[in-house]
Amino acid sequence: MQVKIDTKEKFHVITVTDPSLTADMSDNINDTLIPYLQNDVPNIILNLEEVQHIDNQTAELLVKIQQKFYEAGCSLVVCALGDKLENFLDNLNLLEMMNVTPTTSEAGDIVLMEEIERELMQGDDL
């Protein structure tokens, strides 16, 4: 899986440059995303604007990875899905399970809001 990574203060924007994400890329996807959970800045925006096709298994893997991020108190927001890819995920009933925004900017806003929410929740625990 080919990616471009742009690091910001509160998140990393990972842009997938491959036109397809397939099951044989599953290990690579895991190896690319999961290590960020150990990073000082663990939040990810996954930009899929260049992806035209994704198979069922890989779509389900992305949902599982996103759940791992949220269970660890981190954010993973998917953005810039094309209409075809969005419809495909919706037909699999996976779109509603994912945190998806139309643009990278909106994804950044979601990450920042989730960070504030987590900080407030930690304050309640004190």
Exactly one of these conditions fails for residue 114: (1) farther than 20 Å from residue 32 by Cβ; (2) of a type outside the set (Phe, Trp, Tyr); (3) surrounded by fewer than 16 Cβ atoms within 10 Å (Cβ to Cβ). Give me its number. (3)
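Mind listing whichever residues of region 19-43 are surrounded by 16 or more Cβ atoms within 10 Å (Cβ to Cβ) and charged (D, E, K, R)? Quick ask: steps written out before the conclusion?
Narrowing region 19-43 to residues surrounded by 16 or more Cβ atoms within 10 Å (Cβ to Cβ): 21, 25-26, 29, 32-33, 36-37, 42-43.
Answer for region 19-43, where residues must be surrounded by 16 or more Cβ atoms within 10 Å (Cβ to Cβ) and charged (D, E, K, R): there is none.
Return yes when residue 70 is closer than 17 Å to residue 1 by Cα, at pLDDT 95 or above and under 13 Å from the mean Cα position of the chain (by Cα) and no when it is not. Before you say what the answer is, go through the steps one by one.
Working: closer than 17 Å to residue 1 by Cα: no; at pLDDT 95 or above: yes; under 13 Å from the mean Cα position of the chain (by Cα): yes.
In short, no.
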Tally, over region 49-59, of residues that are crowded, with 19+ Cβ neighbours inside 10 Å and of a type outside the set (A, V, I, L, M): 1
Region 94-118, residues that are acidic (Asp, Glu) and over 17 Å from residue 47 (Cα atoms): 96, 114, 115, 117
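Please go through region 87-101 and pick out each residue that is aliphatic (A, V, I, L, M), in contact (Cβ under 8 Å) with a residue 12 or more places away in the chain and either touching a helix residue (DSSP H, G or I) at 6+ places or on another chain (Cβ under 7 Å) or on the phi > 0 side of the Ramachandran plot (or both). It would help to see each step written out before you state the result.
Taking region 87-101 first, the residues aliphatic (A, V, I, L, M) are 89, 92, 94-95, 97-98, 100.
From what is left, the residues that are in contact (Cβ under 8 Å) with a residue 12 or more places away in the chain are 89, 92, 94, 97-98, 100.
Answer for region 87-101, where residues must be aliphatic (A, V, I, L, M), in contact (Cβ under 8 Å) with a residue 12 or more places away in the chain and either touching a helix residue (DSSP H, G or I) at 6+ places or on another chain (Cβ under 7 Å) or on the phi > 0 side of the Ramachandran plot (or both): 89, 92, 94, 97, 98.
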For residues that are closer than 18 Å to residue 105 by Cα and of a type in the set (D, E, K, R), scanning just region 43-67, find the one that is nearest to the chain's Cα centre (by Cα). 49
When only residues in region 80-120 that are out of contact with any Lys or Arg (no Cβ under 8 Å at 6 or more places or on another chain) and among the small types (Gly, Ala, Ser) count, which is farthest from residue 68 (Cα to Cα)? 82
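Considering only region 4-13, I want to know if a residue exists there that is assigned to a loop (DSSP other than H, G, I, E, B) and among the aromatic types (Phe, Trp, Tyr).
Restricting attention to region 4-13, the residues satisfying the condition of being assigned to a loop (DSSP other than H, G, I, E, B) are 8-11.
Checking which are among the aromatic types (Phe, Trp, Tyr) leaves us with 11.
Yes: region 4-13 contains one or more residues that are assigned to a loop (DSSP other than H, G, I, E, B) and among the aromatic types (Phe, Trp, Tyr).
So which of 89, 46 is crowded, with 20+ Cβ neighbours inside 10 Å, part of a helix (DSSP H, G or I) and among the hydrophobic types (A, V, I, L, M, F, W, C)? I'd like the intermediate steps shown before the answer.
On the way: 46 fails: part of a helix (DSSP H, G or I).
After applying the criteria, what remains is 89.
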Please pick out the residue among 77, 41 that is closer than 20 Å to residue 121 by Cβ and modelled with pLDDT under 95. 41
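Among the residues that make up region 60-71, is at least one of them in a strand (DSSP E or B) and buried (at least 16 other Cβ atoms within 10 Å of the Cβ)? It would help to see each step written out before you state the result.
Residues of region 60-71 in a strand (DSSP E or B): none.
Within region 60-71 (the criterion being in a strand (DSSP E or B) and buried (at least 16 other Cβ atoms within 10 Å of the Cβ)), the answer is no, since none of the residues qualifies.
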Out of everything in region 103-113 that is free of Cβ contacts under 8 Å to residues at least 60 places away in the same chain and in a helix (DSSP H, G or I), what residue ends up being farthest from the chain's Cα centre (by Cα)? 113
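The values are calculated or read from the model by the stated rules, or taken from the named source; none is laboratory data. Owing to the predicted nature of the structure, the values given are computational and were not obtained by experimental measurement. No Cβ is skipped: glycine too gets one built from the backbone with ideal geometry, and neighbour counts run over all protein chains shown.
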